[in-house]
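The values are calculated or read from the model by the stated rules, or taken from the named source; none is laboratory data. Owing to the predicted nature of the structure, the values given are computational and were not obtained by experimental measurement. Neighbour counts run over all protein chains shown; Cβ positions are idealised from the backbone, glycine included. Note: areas computed on protein heavy atoms with side chains; ligands, DNA, RNA excluded. Shrake-Rupley method; radii C 1.70, N 1.55, O 1.52, S 1.80 Å.
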Amino acid sequence: MKVPLIDLRAQYREIGSEIDEAIKGVLESGQFVLGANTVALEEEVSAYLGVQYGVGVASGTDGLQLALRAFDVGPGDEVIVPSYTFFATVEAVIQVGAIPVFVDVDPQTFCLNVGDVEDLITSNTKAVIPVHLYGRTGDMASLLELARNHRFKVIEDNAQAFGSEYQEQKTASLGDVGCLSFFPSKNLGCYGDGGMVVTDDKEVADRVKLLRTHGWRKKYFPETVGYNSRLDELQAAVLRVKLEYIDKWNNDRRQLAGRYSTLLQGLDIQLPQDDPEVKHVYHLYVIQIKDRDRIQRSLKAAGVASAVYYPQPLHLAEPCHSLGFRRGDFPVAERASDETLAIPLYPGMSDEQINLVVTALKGAVEATKIS
Ligand SMILES: *Cc1c(COP(=O)(O)O)cnc(C)c1O
């Protein structure tokens, strides 16, 4: 491929010596789980996001699950989730024994459609999980107002939006709790799995801390059944280095996205829209286009990588069959699954590469028109 979807090696070339130093420091310290780096990272990330507490966990998926458990969400409870997101959002709800209640997404932002949420609220609704998909939020003001009126928790799935803002406040700090993923390809990624739960609520932070280490505060004296879900020191040390660069990298992403949006104007493609209330950090640059699969094949032939996030809306996923949904129930999510395509975007991408993608995409669109 002339242009890969992302290139994590480019990032390592930029900061490799600092990373090597940090890793060496951990190896020499002899402390590998819940040591000084994790504590420092929890403080640094909380300060960056403008929240009181951060608790490092083993992954973003675990973060969601522990956050749900921290609010005592369990069997019989309902949690409203978008039908178009990464499976982990829904998986966490099912893992704690609660029922995922799907809502369709907005056709422009692909975030959950807040206008549809109110009709789904019942006396069993414990939480709503807005997913800041592809690096931006939807209408959080209306969702937070609904939450106040109906007394449910807002658990932000911020796995794709580290550094993003809504009305000049960092995402993950808007609701009751925010869940971060440090999976390598995320905007702030480590070199393995990692995640964090952030909140202003001390009780929630304490509860997640309890759950991440076998449900005990005092070693070998569990108070509840927990998990083994800690962020390790190697990942925390790597993340502390990368946190220093996140604003620069997010700005790079925003600039590259701006170039795409200028150069792709006028084609019969739905492009991501900027919104004055939202700072989009372009985890992915996702377009919506008819005849998507053919376009993808012709990009590939031109040496340009692309990817489909996500080819199946979750109300149609096998583990959700028992909920009884059918094709047609969430038309926007279904159409997004059929027509969206992520094109290459990563910090360090050159103008030449952007131009290659644009030329290939224009060629692909022309070709589908002719045939
Ligand atoms: C990546 C991701 C997760 C899960 O994070 P992991 O660290 O991979 O477990 C959850 N939700 C969304 C929207 C994601 O993109």
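Got a sec? Charge dipole of the chain, +1 on Cβ for Lys and Arg, -1 for Asp and Glu; which of V73, N37, I129 is way out at the positive end?
Of the options given, the answer is N37.
Determine the equivalent ellipsoid of the range 296-351 by diagonalising the alpha-carbon gyration tensor, then write out the semi-axes as square roots of 5 times the eigenvalues, largest first, rounded to whole Å.
Whole-Å semi-axes of the equivalent ellipsoid: 31, 12, 9.
Given a 1.4 angstrom probe, I'd like the percentage of the accessible area of the range 310-371 that is carbon and sulfur, rounded to a whole number.
Of all accessible area on the range 310-371, carbon and sulfur atoms account for 52 percent.
Give the shape of the range 217-371 as rounded, prolate or oblate, defined through the alpha-carbon gyration tensor: a ≥ b ≥ c are the square roots of its eigenvalues, a/c under 1.5 means rounded, and otherwise the shape is prolate if a/b is larger than b/c and oblate if not.
Cα axes put the range 217-371 in the oblate bin.
Just round it to a whole percent: the fraction of Cα-Cα distances in the range 31-175 exceeding 26 Å.
22
Can you list the equivalent-ellipsoid semi-axes of the chain, largest first and in whole Å, using the square root of 5 times each Cα gyration tensor eigenvalue?
So the equivalent ellipsoid measures 33, 27, 17 Å along its semi-axes.
Give the value in nm², to one decimal: projected area of the alpha carbon convex hull of the range 141-192, averaged over all directions.
With the hull built on Cα positions only, its mean projection is 3.7 nm².
So what's the Cα pair-distance distribution over the range 183-278, bin width 5 Å, in %?
Here the calculated profile for the range 183-278 is 2, 10, 14, 13, 15, 13, 10, 8, 6, 5, 3, 1, 0.
Where does the range 1-75 land on Rg/Rh, using Cα atoms and the Kirkwood Rh?
My calculation of the ratio gives 1.09.
Ranked from highest to lowest mean number of other Cβ atoms within 10 Å per residue, what is the order of the peptides 332-345, 188-201?
188-201, 332-345
Per residue, how many Å² of accessible area does the chain show with a 1.4 Å probe?
44
Of K153/K242; K126/K209; K186/K248, which ones are farther than 26 Å apart at the Cα?
Going by Cα-Cα distance, K153/K242 fall outside the 26 Å limit.
Provide the per-residue ³J(HN,Hα) series for the range 68-84, in order, calculated from phi with Karplus coefficients 6.51, -1.76, 1.60 and θ = phi - 60°, each as a whole number of Hz, with x at glycine and proline positions.
Once θ is set to phi - 60°, the couplings for the range 68-84 become 4, 4, 4, 8, 6, 7, x, x, x, 7, 10, 10, 7, 9, x, 7, 10 Hz.
Per 0.36 nm of contour for each residue apart, how much would the distance between E18 and Q312 grow if the chain were fully extended, relative to their Cα-Cα spacing?
Here the answer is 101.9 nm.
Suppose we keep just the alpha-carbon trace of the range 53-123; what are its Rg and Dmax in angstrom?
12.8, 35
Using the Kirkwood radius over C-alpha pairs as Rh, can you work out the diffusion coefficient of the range 142-229 via Stokes-Einstein at 25 °C, viscosity 0.890 mPa s, in µm² per second?
Value of D from the Cα-based Kirkwood radius: 169 µm²/s.
For the ranges 259-270, 56-67, 84-95, 202-213, what's the packing order if you count other beta-carbon atoms within 10 Å of each residue, average per peptide, and put the highest first?
Averaged packing, sorted descending, gives the order 56-67, 84-95, 202-213, 259-270.
Take the Cα pairs of the range 238-324, get the Kirkwood Rh, then feed it into Stokes-Einstein at 4 °C and 1.567 mPa s and tell me D in µm²/s.
81
For the range 110-259, what does the equivalent ellipsoid look like in terms of its semi-axes, each the square root of 5 times an eigenvalue of the Cα gyration tensor, given largest first in whole Å?
26, 26, 11
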